[in-house]
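These notes concern the structure reproduced below.
The values are calculated or read from the model by the stated rules, or taken from the named source; none is laboratory data. On a predicted model such as this, the values are computed, not experimentally measured, just so you know. Note that each Cβ is placed from the backbone with ideal geometry, even for glycine, and that neighbours are counted across all protein chains shown.
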Amino acid sequence: MNKSLISGIKCIINDIEGYDYISKVKYVILLVCKELYNLNNKRTLETAAIFKEYAKFDLKVSKTGERIPRLMKKNADNIEISSFYPAFLYEALLTNKEKKSLGQVYTPFEIINNMLHEVFKVKSIDENNKILDPSCGGGYFLIEIYKYISYAHPELDKRHIVENMLFGIDIDDFSIFLSKMGLIFHTGLDDIKFNIYNQDFLIDEIDMGKFDIIIGNPPYVGHKNSTGNYKKLLYERYSDVYYDKADISYCFFKKSNELLKPEGIISFITSRYFMEALYADKLRNFLKENYNIITLIDYNGNTAFKTAVISPAVIIISNKWNKNIFTYVKKGRDIFESFKYSQDKLKDSGWIILKDEDEKLFEKIDSISNTYIKDILSIKQGIITGCDKAFIVTEEVIEKYKIESFLLKKWIKNSNISKCSIKYNDLYLVYSDIIRNENDCPNAISYLSIYKDKLMSRRECKKGFRKWYELQWGRNESDYENPKIIFPYKSKQNNFYYDQEAYFCSADIYIMNELSKGLSLNYLLSYLNSEIFEFYLKCQVKKVGRNIYEYYPYKLNNLKVYWPQENIENISIELFMKKLFNINEKEVNIIKNYL
């Protein structure tokens, strides 16, 4: 659909008064589908069953009902109705804000077709097969599956394919409409008996039998975006994969397992974080114990979607594959590389999947390292103010309001840190936790009063855990006043810095303190910033963006370092570690590839 037509449709939407934007978009798409249906069949189809079924989206704005047919007839020569995707128009009309609020992210066609190609390489198709998309959205998977089957098996009747082989479920009713209309346009069929249902795949009981293939893009919904009651239901039904801060997508693997035929195949594109995330350990165990992995395609921190920042992975699994070896495909800087890997080597604590030579080097470093980080120091998160606008101030604000100097602490964020220095931006934290009485600091209280309504609305203040002027989580003042190692929560490389200037840190920074006696600080700092330790770390921690790694305490605490018994001051740490771990030139190059 060309840009000028989409622009014309947007103008019509903006002229509709009295309704929210999403309702107007749905109404206009309904009218567009009606008109294209009409043009394709050269007859009036106001009474067609599908438009009766979804009359709820009809706002009945007469002026709009006249403008859309005129616009579509004017542009009829530019539209290939038999290959029209209503969901594509829906995507084009929604802004990023609406897409985020709806939680709808459509899978690119390239990925869908690659997934289908991989599935049908190992799973033959006949007229008795049943295929399910459990979160069908706008119907992209269902339409592409129809196209694939009808092309590969021209002997199969197209109505039989749609009515007996394709099944879909989605929690959003308008998505069901988009899916059905997309199949109507691509098949040219009328009065189809669809097996596409407006239900909750995880909660509702739908008797559809069992499936040969279950494929799709389950929603990524973290614990913060789910209601308490819904999470409670999931905890009860999916306790073997879902708990605490797990993602709802994990439940799709369990439910799909219940609906899969003995030799069935599942192919999901999902967030790659399940391979390393703390609360995905049950899912990792479930996958390993209940499925054979056929292929795992890891985007390795790169995104594959236009708007979503999540880095995906495509996993293809079977409950009867009879092979322990799977194909691991990893996206590099510019290309995908693949190698075979043994499923038996996958650990519930996190999937570390490395090429043979990388794995051998990793295991050598791990075996020689003799001390867990958690046993020699403490790692703590930085301060959460609950309202940075109020508590983080410039020198100009300090001067204007005469804020009491003893409350002011130098403030840094993630981006200020490198392993060699702090790039300080002359910002200060009003450390109001040390105010014992409002009368003791009248200037600071007067300044903070500007934001009092906002501060009082914080959860901890509402519950009475904090006074309105206090920080949300101010931590212990002494942890910041005293020397400490600090590092950013997310970074491209190891950036551990020894802070002696008493910087107070935001929540995207972690601190290391309470070091064990006898451990040389200079040695530890050099070790943590070394190339060898960076390689060792990056083999295990979560990759959350293109070349961005997550330095999460749970992971760091369980990494190992080498604690020497002898004094090794005044020597090159890199040379010492190369000798310690017996690193040869080939291994040097392996390490460089991770830096």
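Condition check: surrounded by 18 or more Cβ atoms within 10 Å (Cβ to Cβ) and more than 23 Å from the chain's Cα centre (by Cα). Does Glu531 satisfy that? Give the steps one after another, and end with the answer.
On the way: surrounded by 18 or more Cβ atoms within 10 Å (Cβ to Cβ): yes; more than 23 Å from the chain's Cα centre (by Cα): yes.
Judged against the criteria, Glu531 is a match.
Taking Asn522 as meeting all but one of (1) surrounded by fewer than 17 Cβ atoms within 10 Å (Cβ to Cβ); (2) at pLDDT 95 or above, write down the number of the exception.
(2)
Test each condition in (1) over 30 Å from the mean Cα position of the chain (by Cα); (2) under 20 Å from Met456 (Cβ atoms) for Val397 and report the one that comes out false.
It is condition (2) that Val397 fails.
Can you confirm whether region 550-559 contains a residue that is within 14 Å of Ile373 (Cβ to Cβ) and either among the charged types (D, E, K, R) or in a strand (DSSP E or B) (or both)? Can you show your working first?
We begin by selecting, within region 550-559, every residue within 14 Å of Ile373 (Cβ to Cβ); these are 551-559.
In the following step, the residues that additionally are either among the charged types (D, E, K, R) or in a strand (DSSP E or B) (or both) were identified as 555.
Looking through region 550-559, at least one residue is within 14 Å of Ile373 (Cβ to Cβ) and either among the charged types (D, E, K, R) or in a strand (DSSP E or B) (or both).
Can you list the strands (runs of 3 or more DSSP E) lying wholly within region 287-361 that have 2 or more residues being modelled with pLDDT under 90 and farther than 22 Å from Ile269 by Cβ?
Working: elements: 292-298, 312-318, 325-331, 336-342.
Qualifying strands (runs of 3 or more DSSP E): none found.
For region 158-261, which fully contained strands (runs of 3 or more DSSP E) count at least 2 residues that are surrounded by 23 or more Cβ atoms within 10 Å (Cβ to Cβ)?
Details: elements: 166-170, 196-198, 211-216.
Correct list: 166-170, 211-216.
For every residue, the table says whether it meets (1) of a type in the set (A, V, I, L, M, F, W, C); (2) out of contact with any Ser or Thr (no Cβ under 9 Å at 6 or more places or on another chain); (3) surrounded by 18 or more Cβ atoms within 10 Å (Cβ to Cβ).
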{"site": "Leu354", "(1), (2), (3)": "yes, yes, yes"}
{"site": "Lys374", "(1), (2), (3)": "no, yes, no"}
{"site": "Ile383", "(1), (2), (3)": "yes, no, yes"}
{"site": "Ile398", "(1), (2), (3)": "yes, no, yes"}
{"site": "Trp411", "(1), (2), (3)": "yes, no, yes"}
{"site": "Ser421", "(1), (2), (3)": "no, yes, no"}
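Look at Ile145 and say whether it is touching a helix residue (DSSP H, G or I) at 6+ places or on another chain (Cβ under 6 Å) and modelled with pLDDT of 95 or more. So that I can check it myself, show each step before the final result.
On the way: touching a helix residue (DSSP H, G or I) at 6+ places or on another chain (Cβ under 6 Å): no; modelled with pLDDT of 95 or more: yes.
No: the conditions fail for Ile145.
I need the full set of residues from region 440-452 which are farther than 14 Å from Phe391 by Cα and in a helix (DSSP H, G or I), in order please.
Kept after step one, since they are farther than 14 Å from Phe391 by Cα, are these residues of region 440-452: 440-442.
Result: Asp440, Pro442.
Assess whether Glu144 counts as being among the charged types (D, E, K, R), under 22 Å from Ser249 (Cβ atoms), surrounded by 16 or more Cβ atoms within 10 Å (Cβ to Cβ) and outside the structural domain of Leu31 (by TED's automatic domain parsing).
yes
Residues in region 250-266: is at least one in contact with a His (Cβ under 9 Å, 6 or more places away or on another chain) and either modelled with pLDDT of 90 or more or within 13 Å of Tyr291 (Cα to Cα) (or both)? Please lay out each step first, then the result.
Kept after step one, since they are in contact with a His (Cβ under 9 Å, 6 or more places away or on another chain), are these residues of region 250-266: none.
Scanning region 250-266 turns up no residue that is in contact with a His (Cβ under 9 Å, 6 or more places away or on another chain) and either modelled with pLDDT of 90 or more or within 13 Å of Tyr291 (Cα to Cα) (or both).
Which strands (runs of 3 or more DSSP E) does region 471-525 wholly contain that include 2 or more residues that are farther than 24 Å from Ser572 by Cα?
Values: elements: 484-488, 497-499, 509-513.
In region 471-525, the matching strands (runs of 3 or more DSSP E) lie at 509-513.
Return yes or no: is Asn425 of a type outside the set (A, V, I, L, M) and crowded, with 20+ Cβ neighbours inside 10 Å? Show your work before the answer.
Details: of a type outside the set (A, V, I, L, M): yes; crowded, with 20+ Cβ neighbours inside 10 Å: no.
No.
In this structure, is Phe120 touching a strand residue (DSSP E or B) at 6+ places or on another chain (Cβ under 8 Å) and in the same structural domain as Ile196 (by TED's automatic domain parsing)?
Values: touching a strand residue (DSSP E or B) at 6+ places or on another chain (Cβ under 8 Å): no; in the same structural domain as Ile196 (by TED's automatic domain parsing): yes.
It is false that Phe120 is touching a strand residue (DSSP E or B) at 6+ places or on another chain (Cβ under 8 Å) and in the same structural domain as Ile196 (by TED's automatic domain parsing).
So Phe286 clears everything in (1) hydrophobic (A, V, I, L, M, F, W, C); (2) under 20 Å from the mean Cα position of the chain (by Cα); (3) surrounded by fewer than 21 Cβ atoms within 10 Å (Cβ to Cβ) except one condition, right? Which one?
(2)
Which residues, counting only those in region 455-476, are over 33 Å from the mean Cα position of the chain (by Cα) and closer than 19 Å to Ala390 by Cβ? Let's see the steps before the verdict.
Our first condition is that a residue be over 33 Å from the mean Cα position of the chain (by Cα); within region 455-476, this holds for 464, 467-469.
Correct list: Lys467, Trp468, Tyr469.
Check Tyr489 against each of (1) surrounded by fewer than 22 Cβ atoms within 10 Å (Cβ to Cβ); (2) over 21 Å from Lys542 (Cα atoms) and name the one condition it does not meet.
(2)
Is one or more of the residues making up region 22-42 farther than 20 Å from Tyr90 by Cβ and either among the basic types (Lys, Arg) or in the same structural domain as Ser4 (by TED's automatic domain parsing) (or both)? Write out each step before concluding.
Taking region 22-42 first, the residues farther than 20 Å from Tyr90 by Cβ are 41-42.
Of the ones still in play, those that are also either among the basic types (Lys, Arg) or in the same structural domain as Ser4 (by TED's automatic domain parsing) (or both) are 41-42.
Yes, that holds for at least one residue.
Test Lys360 against the stated conditions and say whether it is surrounded by fewer than 16 Cβ atoms within 10 Å (Cβ to Cβ), out of contact with any Ser or Thr (no Cβ under 9 Å at 6 or more places or on another chain), without any contact (Cβ under 8 Å) to a residue 24 or more places away in the chain and within 29 Å of Glu587 (Cα to Cα). Give the derivation first.
On the way: surrounded by fewer than 16 Cβ atoms within 10 Å (Cβ to Cβ): yes; out of contact with any Ser or Thr (no Cβ under 9 Å at 6 or more places or on another chain): yes; without any contact (Cβ under 8 Å) to a residue 24 or more places away in the chain: yes; within 29 Å of Glu587 (Cα to Cα): yes.
The answer is yes for Lys360.
Since Leu132 meets every condition but one in (1) assigned to a helix (DSSP H, G or I); (2) modelled with pLDDT of 95 or more, which condition does it not meet?
Just one mismatch for Leu132, condition (1).
Select from region 106-129 the residues that are within 19 Å of Ser83 (Cα to Cα), in a helix (DSSP H, G or I) and of a type in the set (S, T, N, Q) and list them in ascending order. Talk me through it step by step, then tell me what you get.
So in region 106-129, the residues within 19 Å of Ser83 (Cα to Cα) come out as 106-113, 116.
Those still in the list that are in a helix (DSSP H, G or I) too: 109-113, 116.
Hit for region 106-129 is Asn113, nothing else.
With respect to the numbered conditions (1) more than 20 Å from Tyr554 (Cβ to Cβ); (2) small (Gly, Ala, Ser); (3) crowded, with 18+ Cβ neighbours inside 10 Å, which one is the sole condition not fulfilled by Ser415?
(3)
Of all residues being in a helix (DSSP H, G or I) and not small (Gly, Ala, Ser) in region 426-439, which is farthest from the chain's Cα centre (by Cα)? Just the residue, please. Talk me through it step by step, then tell me what you get.
Of region 426-439, the ones in a helix (DSSP H, G or I) are 432-434, 438-439.
With the extra rule that they be not small (Gly, Ala, Ser), the set shrinks to 433-434, 438-439.
Details: Asp433: 35, Ile434: 38, Glu438: 43, Asn439: 47 Å.
Ranking the qualifying residues of region 426-439, first place goes to Asn439.
Can you find a residue that is closer than 30 Å to Ile591 by Cβ, surrounded by fewer than 21 Cβ atoms within 10 Å (Cβ to Cβ) and at pLDDT 95 or above anywhere in region 448-457? Walk me through it before giving the result.
The initial filter retains those residues of region 448-457 that are closer than 30 Å to Ile591 by Cβ, namely none.
No - not one qualifying residue is present in region 448-457.
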